[in-house]
Amino acid sequence: MLSPTMVVLALVVFYPLVAAMRESFYESGQRLDADGFVVEGEWFAGLANYAGVVEQRFLNAALNTTLFTVVTVALEVVLGMAMALVMRRAFRGRAVLRASILIPWAVPTAVAGLMWKWIFQADGVANTLLGTDILWTADGPWAKLAVIVADTWKTAPFVGLLVLAGLQIIPSSVYEAAKVDGSTPWQTFWRITLPLVKPALLVAVLFRLMDALRIFDLPYVLVGPRKQSVETLSGLIWDEATRVHYGPASAYGTALFCYIAMITFVFVKLLGADLLSDVRSRGKEARDVA
Amino acid sequence: MKATHIAAALVLGAGLAGCGSTTPASAPAEQEGGGRGPITFLGGKFEAESVQKIVDAWNAAHPDEKATVVLLPESADEQRRKLIQSAQTKSDTGDVILIDAVWTSEFAANRWVDELKLDTTGFLPTTIETVKYRDKLYAMPLFTGTGLLYYRTDLVKEPPKTWDEMKRICADVLPGQKGMSCYAGQFDKYEGLTVNFAEAVSSAGGRLLDDAGKPQVTSEAAKQAARFLADGFTSGMIPKEAITYKEEEGRVAFQEGKLLFYRNWAYGYEAAQKTDGSSEVAGKFDVAPIPGLNGPGAGTLGGNNLAVSAFSKHEQTARDFVAFMTSAAQIKAFAQTSSMPVARTAIYEDPELVKKYPYLPALKEGILAAVPRPAAVRYGDVTAAIQESAYAIVTGDKPVDQALTELQSALGPLLT
């Protein structure tokens, strides 16, 4: 049963991964012959493509990526949690509320990016409401804030949805018992809701972390490519690849991969002791049956 | 614990697959014979209906060599990426391709397009410069265009010929016009910034590159041009939101009456002339060649050219199709249904068409004075370097002299 799965995985996952890593050590398409034609073929470049990793542009992109990830994921967890708590309660119009909270998540990111671009443009809604004339979409610190706002709006519902699923499997008897014992709402939240919803919350945060570290489309559409203040690692890789610098693009891609792998590993190690225990025990059962 | 690692690695790998490009080493170029048969035309979304009419005419005359139109994405960056991708996989998805005027060198040097042997008489001479690489013809000009100065005829009697004249007119007119700024172009950090910067330099009498192809961006003219833009922003002659303008944002601002002068392509004429309420300046504006430092300016040449893919299996048909599409008869038929500027001289002298599109004489004057952007194999790197420095100039992040010196040294190694 395992081998067809492995073949598919090898084709769609390992091959591109290994090919990208290989590409990161080669140079191609950069030399011209005497007649002005590009010399075909490729040359081993050693670590030359990785030289950019210590340069200002890459470090700036890495810093932006990290900043966006930390800030947006933190905001999204708080907002998502609040949304989930509201969505869980039974009241008239709950279905409508649930649906409307999920709308941002259903909107394609590129469309959301365009929408926020209109909101943030010089004579847009944001400036009118705030009574300011900030150039949100020009390169600068405001652009960072614009991206954070738009990304939080877009993905907080995702966290909300996953947390809601986690909340719904908490048996109501636990809450009834707490009520009988005279627990305050605050105590109930910290002592019952939060610990019991933790596995679902951690999965949501893990997904969001990995997603946020790859963020590309929102800064691209909202502010534009090659704007220093919002250029992320994915944006940098895209820019190199479109300028047919496949070597450096692959090198940066490999670096980004290592960065995401490292963060995920640390996250799973520190917080996720029970995150995958369920999967593991199920895997063990399957093996035992086999 | 092992399962954990693998699970994490798999999820990550799936994410990464989209990032790196992994085109395998290329095989030696295939030698294609001059075949005949059905072909595919990869075109942009410009004027798709009018283009289809030419293709229909071709199909009626060549039932055995029918052409099918496939539309590429709207944005030029996306088009370029698609075309390069299919070239690198040696795919024959497009026999005839529509390429931007600035890509000719790159496509020719990479042998992605074939050399052509076609007659280039009857085209505007400047457009022919954009279809050659090292003096050989690799494409045929189809669409063309250059920057025009849109101005308000209700406020300005005579369009300015120089930057100083423009400033003087603004000083006279603007005090009576609330919320109106003097001038804008496209100054967001994208290809439009390269166009506007190059235009300023050539309008000041300079060139980004000299005849030998070496960068000349620290010349006196380049400095004057850069100062015109930098001072324009600091003095408020150019509104500060113009730093976010691409073509459309500026066009809307002009139509809302927020700009006295606006630099744009010819396409903006039709929209600004609309009387359905979307334009407040309908009937109150006209176009003129752009102004310069000491006299009329020189715009940047834009446009799109037709090329034959090197990987076409029906190359002979593809060549004939290019000749057919750019023939005098078809171009005239095209111009009658579309306002997209075309590269044949006769169109600009046709009384019937001039009556329909009153901006044609100004446009012709502009195109003949226009300067193509640097023809570089690594144009992507060149334009990125220009945008980097020009953006620092218009945002005031760097002093003009420093930005230009940096640009000069950045361009050097890209143009060998």
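The values are calculated or read from the model by the stated rules, or taken from the named source; none is laboratory data. Everything numeric here is computed off the predicted structure, so don't read it as measured data. Because the Cβ atoms are built from the backbone with ideal geometry, glycine has one as well, and the counts that use them run over all protein chains shown.
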Over segment A:31-55, the set of residues acidic (Asp, Glu), surrounded by 15 or more Cβ atoms within 10 Å (Cβ to Cβ) and not in a strand (DSSP E or B) is A:Glu40
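Scan B:Gly205, B:Gly179 and give me the residue that is surrounded by fewer than 16 Cβ atoms within 10 Å (Cβ to Cβ) and on the phi > 0 side of the Ramachandran plot.
It is B:Gly179.
For every residue, the table says whether it meets (1) in contact with a helix residue (DSSP H, G or I) (Cβ under 6 Å, 6 or more places away or on another chain); (2) at pLDDT below 95; (3) away from every other protein chain (no Cβ under 14 Å); (4) crowded, with 20+ Cβ neighbours inside 10 Å.
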position	(1), (2), (3), (4)
B:Lys355	no, yes, yes, no
B:Glu365	no, yes, yes, no
B:Ser389	yes, no, no, yes
B:Ile393	yes, no, no, yes
B:Gln402	no, no, yes, no
B:Ser409	no, no, yes, no
The residue that is farthest from the other protein chains (Cβ to nearest Cβ), considering only those in segment B:232-271 that are hydroxyl-bearing (Ser, Thr, Tyr) and surrounded by 19 or more Cβ atoms within 10 Å (Cβ to Cβ), is B:Tyr269
Does A:Glu76 satisfy being in contact (Cβ under 8 Å) with a residue 60 or more places away in the chain and not in a helix (DSSP H, G or I)? no
Does B:Ile84 satisfy the condition of being at pLDDT 85 or above and more than 14 Å from chain A (Cβ to nearest Cβ)? no
Could you check, for segment A:146-161, whether at least one of its residues is within 14 Å of another protein chain (Cβ to nearest Cβ) and outside any loop (DSSP other than H, G, I, E, B)? yes
Given the structure, is B:Leu193 within 14 Å of chain A (Cβ to nearest Cβ), part of a helix (DSSP H, G or I) and in contact (Cβ under 8 Å) with a residue 60 or more places away in the chain? yes
Checking the condition among the aromatic types (Phe, Trp, Tyr), surrounded by 13 or more Cβ atoms within 10 Å (Cβ to Cβ) and not assigned by TED's automatic domain parsing to the domain that holds A:Arg208, which residue from A:Phe58, A:Phe68, A:Phe120 passes? A:Phe58
Examine segment A:3-26 for a residue that is in contact (Cβ under 8 Å) with a residue 40 or more places away in the chain, away from every other protein chain (no Cβ under 11 Å) and not in a loop (DSSP other than H, G, I, E, B), and state whether such a residue exists. no
Regarding segment A:101-115, can at least one residue be identified that is within 14 Å of chain B (Cβ to nearest Cβ) and aromatic (Phe, Trp, Tyr)? no
Just to be sure I understand, how many residues within segment B:154-176 are over 19 Å from B:Lys258 (Cβ atoms) and without any contact (Cβ under 8 Å) to a residue 60 or more places away in the chain? 4
